[in-house]
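Beneath this line is the structure, given in C-alpha cells, with notes to follow.
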Amino acid sequence: MNLKPIIFAAVRVVLYAIPVVASALIIKSDAGILIDGGKFGEASQTELLQELYLLLTSLTFILVGVRSKNHKAISYLFGGGAFVAFIRELDVYFDQIYHGAWFPLAMIVLLVAVFLVFKKKKQIWENLEEFFTTPAFGTFIAGFLSVFVFSRLFGTKKVWRALFEVEQLEPVQRWVKNAVEEGSELFGYTLLFIAAVEFFVYVNKKLKE
C-alpha cells in the first residue's frame, strides 16, 4: 500500500487549515472590537486580512509565470485580476486623496494585464484548459462565487431587514449583517489564496517531471 498520497493529502489539509482557522479567529476578534462607532468596517482586521490574501493570491499567480514560461498567460490573467481586486479593497485609503481614486490605478493595472495576456493569446487557452483539470480549479471557483456572488447577495439589506423584521437596521443589527457579509468574503478570499497555492505546487511539480 502506497501511503505517500495519503500523507501528502493529510499535510495539505493541515496546511490549508491554517489560513482558514486564522480567518475564523480574526472574525472572532473583530466581534469584540468597536472602531469609529462600528464593527467590521473598512479598518477592521477582517478587511486587512482580505487585502493580505488578495495580495498573496496575486503574487502567487505571478510567481507561477516567473517559474514557468509556459504559464505566463494565466499568471498575467489571474495575478493581474487579483491585484485589481486588491486595489479595489483599498478604496477607503485612496478616497483620502479623492473619492474614487482607486479606479484609475485599478484600470491601469487591468489594461497592463490584458495587454500582457493578449501578447500570449495563443498560450492562454492552453493554460485555462489545463487549469480546469487541476485541483485548484474547484477551489478557485468556490472562492470566486463566495466573494462575488454569495457574500453580495447574502449581504443585501433586504435580507437582513426581513430577518430582523424591521424597516431600518439598528447599529447592532448592521454589525451582524457586516460580520456575515465580510466573513463570507474573507472565507472566499481564503479559498482563492489556497487555489493559487495549489496551482503553484502543481506547476512546480510538473516542471520537476
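In segment 65-82, the count of residues that are free of Cβ contacts under 8 Å to residues at least 12 places away in the same chain, β-branched (Val, Ile, Thr) and in a helix (DSSP H, G or I) is one or more. Among the residues in segment 37-54, are any under 17 Å from VAL176 (Cβ atoms) and exposed (fewer than 14 other Cβ atoms within 10 Å of the Cβ)? Yes - at least one qualifying residue is present in segment 37-54. Yes or no: PHE61 more than 30 Å from ILE124 (Cβ to Cβ), crowded, with 22+ Cβ neighbours inside 10 Å, hydrophobic (A, V, I, L, M, F, W, C) and touching a residue at least 60 places away in the same chain (Cβ under 8 Å)? So PHE61 fails the test. Output the residue which, of all residues in segment 138-163 that are closer than 19 Å to ALA196 by Cβ and surrounded by fewer than 19 Cβ atoms within 10 Å (Cβ to Cβ), is farthest from the chain's Cα centre (by Cα). Taking the candidates together, the pick is GLY138. The set of residues in segment 64-79 being aliphatic (A, V, I, L, M) and crowded, with 18+ Cβ neighbours inside 10 Å consists of VAL64, ALA73, ILE74, LEU77. Annotation: GLY100 fulfils all but one of (1) of a type outside the set (Asp, Glu); (2) buried (at least 20 other Cβ atoms within 10 Å of the Cβ); (3) on the phi > 0 side of the Ramachandran plot; the unmet one is (2). Identify all residues within segment 183-202 that are among the β-branched types (Val, Ile, Thr) and over 20 Å from VAL149 (Cα atoms); write none if there are none. Within segment 183-202, VAL197, VAL201 meet the criteria. Given the conditions (1) closer than 21 Å to ALA43 by Cα; (2) at pLDDT 90 or above; (3) surrounded by fewer than 17 Cβ atoms within 10 Å (Cβ to Cβ), and given that THR190 satisfies all but one, which numbered condition is not satisfied? (3) is the only condition that THR190 fails.
The values are calculated or read from the model by the stated rules, or taken from the named source; none is laboratory data. Quick caveat, the model's predicted, so the values are computed rather than measured. Here the Cβ is made from the backbone with ideal geometry for all residues, glycine too, and neighbour counts use every protein chain on show.
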